[in-house]
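The values are calculated or read from the model by the stated rules, or taken from the named source; none is laboratory data. Source: prediction; values computed, not measured. Using ideal geometry, Cβ is built from the backbone for each residue, glycine included, and neighbour counts are taken over all protein chains shown.
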Amino acid sequence: MVRTRHLLVLALAALAVVAAATPATARADDGSDVRVTRSCTAGSAVRLRVRERNSNVLRVEVGLRAASRGTAWIVTIVHERRVVLRTTRRSGAGSRSVSVRIEIPDWPGRDTVTVRALGPRGELCRAVVTFADEVDDQDRG
């Protein structure tokens, strides 16, 4: 009986972690920038912004608001299922913020950008943005 209870508690805890780590998706169908903010698994938050810098470049900005100061985060940015950046960033001793900026090629059609951040004690943050070109939308019109 006690063992069954322990297994049930573990299963519910695992389900809660998976639900909190489920990716959030935002779309831009008008060619402007897209911003999405999501909660992480242990009280932090991630903000992902993708905007068109010029006709061939997308600017990706990731902001993390950590639950505690001075923490290290492994940030991975994926563009169309290809890792474009994997870096470790640490928030300052007096700060809870971590930021990453990168420019990536703007491919024809829709671009999907995913950010995954792994923090202290296995905290997980994830957000997804799908960005569409203006020309792509006009062609479908």
- In the stretch 124-137, what residues are buried (at least 20 other Cβ atoms within 10 Å of the Cβ) and either at pLDDT 90 or above or hydroxyl-bearing (Ser, Thr, Tyr) (or both)? 125, 126, 127, 129
- Flag if residue 38 is touching a residue at least 60 places away in the same chain (Cβ under 8 Å) and surrounded by 15 or more Cβ atoms within 10 Å (Cβ to Cβ): yes
- Query: Is it the case that residue 85 is surrounded by 14 or more Cβ atoms within 10 Å (Cβ to Cβ), free of Cβ contacts under 8 Å to residues at least 24 places away in the same chain, in a strand (DSSP E or B) and in contact with a strand residue (DSSP E or B) (Cβ under 9 Å, 6 or more places away or on another chain)?
  - Reply: yes
- Query: Scanning for something in contact with a strand residue (DSSP E or B) (Cβ under 8 Å, 6 or more places away or on another chain), among the small types (Gly, Ala, Ser) and either at pLDDT below 95 or in a strand (DSSP E or B) (or both), does the stretch 1-19 turn up at least one residue?
  - Reply: no
- Just need a number here: residues in the stretch 28-85 that are within 10 Å of the chain's Cα centre (by Cα), under 15 Å from residue 116 (Cβ atoms) and of a type in the set (Lys, Arg). 2
